[in-house]
Amino acid sequence: MKHKENPTYLDLFISFFWIGLTGFGGLAMTAHIRKHIVEKRKWLDGSTFDSGLALCQIIPGAIVMQLAAYIGLKIKGIKGALVCFFAFGFPAFLIMFILSILYKESKNISGVEVVLSSLRVLIIAIVANAAYIFGKKNFKNTNDWIIAIIASGLFLTKLHPVVVLIISAFLGIVLTKKENLQPEKRVMTRTFGFFLWMLLLVAVCAGILFVVHKDFFTLATMMLRIDLISFGGGLAAMPVMYHELVDVFHWFNDKTFMDGVILGQVTPGSIIIAATFFGYMHFGITGSIIATIAVFTPSFLILMGIIPFFDKLRMHPQFYKAINGILCSFVGLLTVITYRFTLGIHWNLTNILFTLIAFILLVKKVDVIWVVLGGVIVSMLL
């Protein structure tokens, strides 16, 4: 089948809905997205994708959600960004919404614990495979390995992710040996006006919520704040979310919060989709919608506002060296996440075999959805 070089909005919606539906592993899904959009569909060149991935790492919010919007923007402009952003996030919202209803009815998640435990093991294989893919692609010499190792060590010290990325970019400029690529022609950068209009719309909606329902206003502004300061991806939002929901407002106890985080981890997409769970548990259907929209809005607006300036930076000769440093640090981050996930698993022979087989299948380029479905089915039969 010959793929369209200029896909329609429907093409984008279907593709990103499917990616969002099969997007297990959070940050690891950047490799899955690259394979689908760059290698399979050829809708975007690898250089533009890598630049977008680097940008999405240095601004707050869910990296994979922003990356979907960036790809849509580069392919079909602002409308394309909106289509991809919604299509990618909607499956995760729908699944989390259903899980939230089931949880509220049963008061726990023990009924699906077998499935959840198998998914946690599979997610380790997915994240490790993503580290392997990006390492294989980006590591051209010893200096690239050095950058990744230094970044891994810095991430392990729990230094702020933005600081690690700045250090990595500097190391990239200093240590990268490969010649700069020729920057591609800039496209679809007229987003600043849209950013200002959307900023105004957010302010108006917040004002309406304040007048109509102050509890909804509190929920919305809380989620807006959480997204604004969650540098380093969705996982970075969890401590802030815990502080707000448990310590400040006392809406949930520790157990309910951790159950929401677990559901966020095993739901496709970013773990920050746990906001849907918390919104539903305290405010019902309306709360789940408000929390979901609010927790993804700031990072999307920042992306739209910064794109024109980012594209200008891409014309500078040192840009790709800095990008290389950030991409090497991304491999380090994925490696650290893999390590941290392994600490939360009760390892036995079955789990070890599960992880190794899943990793081998992914390396052999078996589609992630078949690996996940196969793992769930096998775990239910054992």
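The values are calculated or read from the model by the stated rules, or taken from the named source; none is laboratory data. Nothing here was measured: the structure is a model prediction, and the numbers come from that model. Don't worry about glycine lacking a Cβ; one is built from the backbone with ideal geometry, like all the others, and counts go over all protein chains shown.
Every test in (1) at pLDDT 85 or above; (2) within 18 Å of residue 293 (Cα to Cα); (3) not basic (Lys, Arg) is passed by residue 234 save one, and that test is (1).
For region 2-13, the criterion of being within 25 Å of residue 266 (Cα to Cα) and in a helix (DSSP H, G or I) is met by at least one residue. The set of residues in region 87-96 being out of contact with any Ser or Thr (no Cβ under 6 Å at 6 or more places or on another chain) and either in contact (Cβ under 8 Å) with a residue 24 or more places away in the chain or surrounded by 22 or more Cβ atoms within 10 Å (Cβ to Cβ) (or both) consists of 87, 88, 89, 90, 91. Of all residues in region 44-80, those that are of a type outside the set (Val, Ile, Thr) and closer than 15 Å to residue 17 by Cβ total 5. Scanning region 16-41 for residues that are among the β-branched types (Val, Ile, Thr) and part of a helix (DSSP H, G or I) yields 19, 30, 33, 37, 38.
Residues considered: 349, 303. Of these, the only one that is without any contact (Cβ under 8 Å) to a residue 24 or more places away in the chain and either at negative phi or in contact with a helix residue (DSSP H, G or I) (Cβ under 6 Å, 6 or more places away or on another chain) (or both) is 349.
Restricting the first member to region 1-17 and to residues that are modelled with pLDDT under 90, and the second to residues that are not in a loop (DSSP other than H, G, I, E, B), the beta-carbon pairs closer than 7 Å and six or more apart or on different chains are 4/11.
Quick grid of which residues meet (1) within 16 Å of residue 150 (Cα to Cα); (2) out of contact with any Ser or Thr (no Cβ under 8 Å at 6 or more places or on another chain):
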| position | (1), (2) |
| --- | --- |
| 318 | no, yes |
| 322 | yes, yes |
| 325 | yes, no |
| 331 | yes, yes |
| 335 | yes, no |
| 338 | no, yes |
| 341 | no, yes |
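Looking across region 47-59, the residues that are surrounded by 22 or more Cβ atoms within 10 Å (Cβ to Cβ), touching a residue at least 60 places away in the same chain (Cβ under 8 Å) and of a type outside the set (Ser, Thr, Tyr) come down to 50, 53, 54, 55, 56, 57.
Residue-wise test of (1) within 15 Å of the chain's Cα centre (by Cα); (2) over 30 Å from residue 166 (Cβ atoms); (3) at pLDDT below 80; (4) of a type outside the set (Phe, Trp, Tyr).
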| position | (1), (2), (3), (4) |
| --- | --- |
| 241 | no, no, no, yes |
| 244 | no, no, no, yes |
| 249 | no, yes, no, no |
| 289 | no, yes, no, yes |
| 298 | yes, no, no, yes |
| 303 | yes, no, no, yes |
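Of everything in region 60-76, what is in a loop (DSSP other than H, G, I, E, B) and surrounded by 24 or more Cβ atoms within 10 Å (Cβ to Cβ)? Give them in sequence order. If the condition is that a residue be in a loop (DSSP other than H, G, I, E, B) and surrounded by 24 or more Cβ atoms within 10 Å (Cβ to Cβ), then 61, 62 are the ones that fit. Only residues that are under 24 Å from the mean Cα position of the chain (by Cα) and in a helix (DSSP H, G or I) were counted in region 357-378, giving 15.
Let me spell it out: the conditions are (1) outside any helix (DSSP H, G or I); (2) surrounded by fewer than 24 Cβ atoms within 10 Å (Cβ to Cβ); (3) under 13 Å from the mean Cα position of the chain (by Cα), and residue 44 meets all of them except one. Which number is the exception? Result: residue 44 fails condition (3) only. Among the residues of region 82-127, the one identified as assigned to a helix (DSSP H, G or I), at pLDDT below 80 and among the basic types (Lys, Arg) is 120.
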